[in-house]
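Accompanying notes for the structure given below.
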Amino acid sequence: MILVALNFRPALSSLAPVLLRLQETLGLSAGQIGALTTLPVFCLGLFAPLAPRLARRLGYEHTLSCALLLLLLALLLRSVPVAILQFLATALVGAAIGVGGTVLPVLVKREMPGASDLVTGVYTMALCLGGALGAGLSIPLADTLGGWPAGLASWALLALVVLLAWLWFYRGRTVSDGALAESGAGLRPRLRRSALAWQVTVLMGAQSALAYIVFGWLPTLLQQRGVSEALAGWMMAVSVFVQLFAALAAPWLARLSADQRPALVGMLAMIALGFTGLLLAGAEWRWAAVVALGVGQGGSFSLALTLLVLRTSTPALAARLSAMAQGFGYCLAALGPLGVGLMLEAGVGMRGLWLAMMALVSLALVAGLLAGRDLCLHHETGEALLRVRRGARH
């Protein structure tokens, strides 16, 4: 599962450092580039809700195998420098990660229920490491392999290795376990009527919007502030690399108390400081801002994923909350990079972009203050979901 998580992020983070090269080669406008960076996030949200249905038919392991195969094919398609194929490949990347990313928390809760929040931190750390590698190696790979198409497609090698490792590790595994049976047609929890489920969803969406703005636009924004192409890519890589440590520490912070609000407030404050330093402050503050942004985004993402586990009482509920939070949440997140692209095309300056970032941080803060409370979606009858204190579980 750690290798699978490592494999998901390079497909997303490797695109941003070569975005200007891609734009020049394909002749795309800033708005079209904004759409390209938005497309995988939108597909994440569109396909995440399909994961539980696929898992009921195929099993969680086989569903994840299909997602890994689709990701491999999408990365190979990126080797063709044709605009329509780049959009198609990017959409397939989002679809694959949307399904796979929804299945992973369910496998964690099913296989390691006693330490699921800590294991979530470990695989979130792997996600961050993959993101850092994708951002940091994107320009060197493009230069070494003769262009950005080959550089982007080279990540298919990692996808192939991970797919083979996953198939070998879970060979012959049966999928008719209790978690899968419980998530069948007989269980219809009404998540959309739960305020807690929507609070977790909005938190996931707002913090993901900020994350995908970084993945899609941070190097470009830094270059507009006078940073070189290579250095901008490395600054993004450092920010994502710092997320490793925050992602690992966040579940530990979450365990210190049944109330995750203090940890969420601290992480979101770091995001606000990071964007302030990068978009408004002088050059001497950029590296400190990069680190602050990485700490905040790694921690908030890990906490959001941890809440998918802590706010549910069974793997089946975790599957449905994960599908809802990542489905609706990523559709909300897709507006982030698209909005930045439209704002840049309209000539909005750094201060206007900073205000937009602060609005997203504020939205995440409100949702986090509600979702971080010690509440749980509790499965009582197989039909209804009740919000109860964790100590009230039976």
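Helix 286-310 sits at what angle to the longest principal axis of the chain, using alpha carbons and giving 0 to 90 degrees rounded to 10? Helix 286-310 sits at roughly 20 degrees to that axis. Shape of region 122-167 from the C-alpha gyration tensor: oblate (a/c of 1.5 or more and a/b not above b/c, with a ≥ b ≥ c the square roots of its eigenvalues). Each Cα pair under 8 Å and six or more residues apart adds its sequence gap; the mean of these over the residue count of region 224-299 is a relative contact order of 45 percent. Rg over Rh for region 188-286 works out to 1.06, both radii taken from alpha-carbon positions and Rh defined as the Kirkwood radius.
Could you give the length gained by full extension between I84 and L280, i.e. 0.36 nm per residue of separation minus their alpha carbon distance, to one decimal place? The partial results should precede the final answer.
Details: separation 196, 0.36 × 196 = 70.56 nm, distance 3.58 nm.
Additional length available on full extension: 67.0 nm.
Pairwise alpha-carbon distances in region 1-58 exceed 18 Å for 52% of all pairs.
Between the Cα long axis of helix 30-47 and the first principal axis of the chain there is an angle of about 10°, rounded to the nearest 10.
Kirkwood radius for region 39-120, taken over all pairs of different Cα atoms as the inverse mean of 1/r, rounds to 13.3 Å.
With viscosity set to 1.567 mPa s at 4 °C, what whole-number translational diffusion coefficient in µm²/s follows for region 250-340 from Stokes-Einstein and a Kirkwood radius over Cα pairs?
On the way: Rh = 14.6 Å.
Value of D from the Cα-based Kirkwood radius: 89 µm²/s.
Under a Cβ-only charge scheme (Lys and Arg +1, Asp and Glu -1), can you give me the dipole magnitude of the chain about the Cα centre, in debye to the nearest 20?
Values: 26 positive and 14 negative charges, 208 e Å.
Dipole about the Cα centre, nearest 20: 1000 debye.
Could you point to the residue in L163, G329, L129 farthest towards the positive end of the chain's charge dipole, with +1 and -1 charges on the Cβ of Lys/Arg and Asp/Glu respectively? Ranked along the dipole, the leading option is G329.
Based on alpha-carbon atoms only, what is the radius of gyration of region 3-141 relative to the globular estimate 2.2 N^0.38 Å?
Values: Rg = 15.8 Å, N = 139, 2.2 N^0.38 = 14.3 Å.
Against the compact-globule rule of thumb, the ratio is 1.10.
Modelled label positions at V161 and E24, each set 7 Å beyond Cα in the direction of Cβ, lie 3.1 nm from each other. Considering only the Cα atoms of the chain, their convex hull presents on average a projected area of 17.3 nm². With the alpha-carbon atoms of region 329-374 aligned to their principal axes, the span from lowest to highest coordinate is 44, 22, 7 Å, starting with the largest.
Between helix 156-169 and the chain there is an angle of about 20 degrees, using the helix long axis and the longest principal axis of the Cα atoms.
All of the numbers you see were taken from the coordinates with simple rules; none came from a lab. These numbers were taken from a predicted model, which means no experiment stands behind them. Ideal geometry is used to build each Cβ from the backbone, glycine not excepted, and the neighbour counts take in all protein chains shown.
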